[in-house]
Amino acid sequence: MAKTKTTFFCQNCGTQHAKWVGQCGACKEWNTIVEEVIKKEEKRVWKQSTTAKQVSKPLKIADIQLNPEERVITNNNELDTVLGGGLVKGSVTLLGGEPGIGKSTLLLQVALTINQKVLYVSGEESQSQIKMRAERLESNNSNCLVLTETNTQQIFKNIEETEPEVLVIDSIQTLHTNAIEASPGSISQIRETSAELIKFAKETATPVLLIGHINKEGHIAGPKILEHMVDVVLQFEGDRNHTYRILRSQKNRFGSTSELGIYEMLSSGLREISNPSEILISKKDDDLSGTAIASTLEGIRPLMIEIQALVSTAVYGTPQRSTTGYNLKRLNMLLAVLEKRAGFKLGAKDVFLNITGGINVDDPAIDLAVVAAILSSNQDLAINPNVCFAAEVGLAGEIRPVSKIDQRILEAEKLGYKSFVASKYNKITSKNHSIKLILVGKIEEAFATLFA
């Protein structure tokens with residue numbers, strides 16, 4: 001019997017310490033060091049193949065042959081887009097998000113629609129519960145096998161018997177291995193079970209999808225090294241009080257991290273939103289002040305978003321500044337530019353800014369739309385709902401150009417907008433646009449054009 005050994009781990013960042021200390025020296029958090037009992041056995045859970053492995057040798061970079069990555073199409077267009085074209089064989093994908101946001105629903109939908117043999121392993125729900133959800137999703141895949149197990153030894157025995165082409169684990173925090181004497185969800189258990197699954201994925205070229213819980217700070221629970229070990233880290237975002245969900249890529253070794261997937265949560269599951277502008281722009285009959293439409297980019301996808309602003313006289317001595325989905329410091333900068341460069345007295349006004357749909361946008365191209373919404377609310381004059389904005393505002397009050405202006409214009413034109421306000425310094429390659437282009441160079445010109 002191996003001698004029992006204890007060590008100390010930081011529950012926040014996973015750093016190992018020789019003894020207990022009050023503050024972690026790596027992440028500087030207090031009272032996060034806990035003692036865990038570990039006992040490693042020589043026997044590994046996933047046995048390496050008996051065939052002799054080829055020894056790697058250094059090669060000149062010019063002599064290295066490029067092999068195209070073979071991808072598995074999930075038949076979920078939004079997920080395939082975020083992944084960069086589908087699941088890469090042998091890749092490990094980690095999906096995190098708030099409790100109840102729809103992580104299990106999304107991966108169960110993938111398991112029921114993908115044209116592959118899938119083993120869906122759940123440590124949180126029974127087989128009957130998964131069956132009830134599968135019937136609600138109104139999709140059936142005879143190649144989808146469901147296993148309720150948390151012990152990795154038993155999981156790998158079933159894998160050897162069924163030989164799945166895709167493996168789904170729900171969730172990594174519920175698994176445990178007999179090689180470690182620690183409770184499920186602890187730092188050492190997550191690290192060990194993840195290492196075994198990654199080893200299995202690489203040796204068998206089987207895509208593995210992991211669901212990960214998050215802590216109260218919004219980070220994936222467990223050691224930070226977990227995100228470094230996997231190939232892809234996806235974040236499922238949204239408000240449980242709203243019906244839409246946003247899938248973002250935080251790390252992707254096989255594609256871009258700037259792609260975005262949008263879903264709508266229905267009783268029958270997650271519906272893919274091919275035109276996100278339909279849920280990000282509210283439908284209204286009357287023209288209301290303080291509203292402007294901006295064109296932003298998420299990856300290579302142009303989106304039309306609605307920006308709402310409310311400007312009112314400050315009741316208390318200090319004016320309030322509040323934003324939802326927008327950087328508060330950037331709002332303060334734009335208000336200072338309006339006061340200094342354009343002469344609008346907003347220093348004694350409360351300013352509230354909201355990007356509808358609950359999404360967070362950090363694209364500087366929406367600056368002009370933010371300014372237009374603020375001025376519209378301040379003057380109590382409505383902006384024509386058929387006008388769209390895409391320009392950055394500089395500290396001198398100049399309207400600066402933005403990237404990929406042609407894509408933004410084409411998207412606005414396709415959605416039926418009549419006018420497009422942009423910087424006159426933008427280089428617009430195509431001149432055959434049916435939409436009216438309004439090119440301005442300063443905030444004063446934009447104000448005169450909109451509210452003349």
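The values are calculated or read from the model by the stated rules, or taken from the named source; none is laboratory data. Computed from a predicted model, the values in this text were never measured in an experiment. Please note: Cβ atoms are built from the backbone with ideal geometry, for glycine as well, and neighbour counts cover all protein chains shown. For the accessible areas, the whole protein counts, side chains as well, though only heavy atoms, and no ligand, DNA or RNA atoms are used. Shrake-Rupley method; radii C 1.70, N 1.55, O 1.52, S 1.80 Å.
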* To do: Count the lysine pairs in the range 242-377 whose Cα atoms lie under 19 Å apart, taking only pairs 8 or more positions apart in sequence or on different chains.
  => 4
* Asked: Within the chain, which cysteines find no other Cys whose Cβ is under 4.7 angstrom from their own?
  -> C144, C388
* To do: Any chance you could get the radius of gyration and Dmax over the Cα atoms of the chain, in Å?
  => 26.3, 86
* To do: If a/c stays under 1.5 just call it rounded; otherwise compare a/b with b/c (prolate if a/b is bigger, oblate if not). Do that for the range 382-441, with a ≥ b ≥ c from the square roots of the Cα gyration tensor eigenvalues.
  => oblate
* Structure fact -> Sorted by chain and then number, the residues having a modelled amide H within less than 5 Å of the amide H of E298, at least 5 places away or on another chain, are L303
* Structure fact -> Which residues qualify? For T15, with a placed amide H closer than 5 Å and at least 5 residues away or on another chain, they are C10
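Please state the relative contact order of the chain as a whole percent: Cα pairs under 8 Å, 6+ residues apart? Kindly include the intermediate steps, with their values, before the conclusion.
Working: 944 pairs, mean separation 55.1, N = 452.
Relative contact order for the chain comes out at 12 percent.
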* To do: Please work out how much length the chain gains when fully extended from L328 to V21, using 0.36 nm per residue of separation minus the C-alpha to C-alpha distance, in nm with one decimal.
  => 106.9 nm
* Could you tell me which of V315, L106, H228 has its Cα farthest along the dipole of the chain towards the positive end, charges placed at Cβ (Lys, Arg +1; Asp, Glu -1), taken about the Cα centre? => H228
* Asked: Roughly how many percent of the accessible protein surface of the chain is carbon and sulfur, given a 1.4 Å probe and a whole-percent answer?
  -> 49
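In deg cm²/dmol and to the nearest 500, what is the mean residue ellipticity at 222 nm of the chain if only DSSP H runs of at least 4 residues count, each as -39500 (n - 2.57), divided by the residue total? If you can, show how the numbers build up before the last one.
Details: 11 runs with 112 residues, N = 452.
Taken over the chain, the calculation gives -7500 deg cm²/dmol.
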* Using a ≥ b ≥ c from the Cα gyration tensor of the range 282-333 (square roots of the eigenvalues), is it rounded, prolate or oblate, where a/c under 1.5 gives rounded and otherwise the larger of a/b and b/c decides, a/b for prolate? -> oblate
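Once the piece of chain linking S434 and L266 is laid out straight, how much longer is it, given 0.36 nm per residue of separation minus the C-alpha distance between them? Each step should come with its number before you reach the end.
On the way: separation 168, 0.36 × 168 = 60.48 nm, distance 3.68 nm.
Here the answer is 56.8 nm.
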* To do: Rounded to the nearest Å, what's the spacing between the alpha carbon centres of the range 297-363 and the range 113-146? Just the number, please.
  => 45
* Structure fact -> Computed Rg/Rh for the range 172-318 (Cα atoms; Rh = Kirkwood radius) stands at 1.11
* To do: Would you kindly give the portion of the calculated P(r) for the range 249-313 that falls above 14 Å, as a percent of all Cα pairs?
  => 69
* Each residue of the range 7-20 in turn: what ³J(HN,Hα) in whole Hz from Karplus with 6.51, -1.76, 1.60 and θ = phi - 60°, glycine and Pro shown as x? -> 8, 10, 10, 7, 5, 8, 10, x, 5, 8, 10, 6, 8, 6
* Asked: How large is ³J(HN,Hα), in whole Hz, for each residue of the range 100-116 in order, when computed from phi with the Karplus curve 6.51 cos²θ - 1.76 cosθ + 1.60 and θ = phi - 60°, using x for Gly and Pro?
  -> x, 7, x, 5, 5, 5, 5, 6, 5, 4, 4, 5, 8, 10, 6, 8, 9
* Picking from N75, Q116, A26, whose Cα lies most toward the positive end of the charge dipole for the chain (charges on Cβ: Lys, Arg +1; Asp, Glu -1)? -> A26
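Keeping all protein chains in place, calculate the accessible area per residue for the chain (probe 1.4 angstrom), answer in Å².
Numbers: 22580 Å² over 452 residues.
On a per-residue basis, the chain sits at 50 Å².
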* Structure fact -> Label model pair T6, K251: point-to-point distance (7 angstrom along the Cα→beta-carbon line) in nm is 3.1
* To do: Work out the FRET efficiency for N386 and A342 from their Cβ-Cβ distance, taking R0 = 30 Å, and round it to the nearest 0.05.
  => 0.75
* Structure fact -> Row for the range 317-452, column shape: gyration tensor on C-alpha, a ≥ b ≥ c, rounded if a/c < 1.5 i.e. under 1.5, prolate if a/b over b/c, else oblate; value prolate
* Structure fact -> Farthest towards the positive end of the dipole of the chain, among I409, F420, N327 and with Cβ unit charges of +1 on Lys and Arg and -1 on Asp and Glu, lies the Cα of N327
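How large is the Kirkwood hydrodynamic radius of the range 130-205, counting all unique pairs of alpha carbons, in Å? If you can, show how the numbers build up before the last one.
Numbers: mean 1/r = 0.0727 Å⁻¹.
The answer is 13.7 Å.
So what's the convex hull volume per residue for the Cα atoms of the range 61-198, in Å³? Could you put the intermediate results ahead of the total?
On the way: hull volume 20.9 nm³, N = 138.
Per residue, the Cα convex hull of the range 61-198 comes to 152 Å³.
Scaled to the compact-protein estimate 2.2 N^0.38 Å, what is the alpha-carbon radius of gyration of the range 327-366, rounded to two decimal places?
On the way: Rg = 11.5 Å, N = 40, 2.2 N^0.38 = 8.9 Å.
The value comes to 1.29.
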* Once you have the Cα-Cα distance between D63 and N215, take 0.36 nm times their residue separation minus that, and quote the gain in nm to one decimal. => 50.2 nm
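Where nothing but the Cβ of Lys and Arg (+1) and of Asp and Glu (-1) is charged, how large is the charge dipole of the chain around its Cα centre, in debye to the nearest 20? Before the final figure, lay out each step's value.
Working: 51 positive and 52 negative charges, 234 e Å.
Magnitude of the dipole: close to 1120 debye.
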* Structure fact -> Karplus ³J(HN,Hα) for the range 293-308 (6.51 cos²θ - 1.76 cosθ + 1.60, θ = phi - 60°; Hz, whole; x = Gly/Pro) runs 9, 10, 9, 10, 10, 10, x, 9, 9, x, 10, 9, 10, 9, 10, 10
* Inter-probe distance in nm under a simple model that places probes 7 Å from Cα toward Cβ, at N275 and E163 -> 4.7
* Based on the mean of other beta carbon atoms within 10 Å per residue, what is the order of 13-23, 166-176, 344-354, 374-384, most packed first? -> 166-176, 374-384, 344-354, 13-23
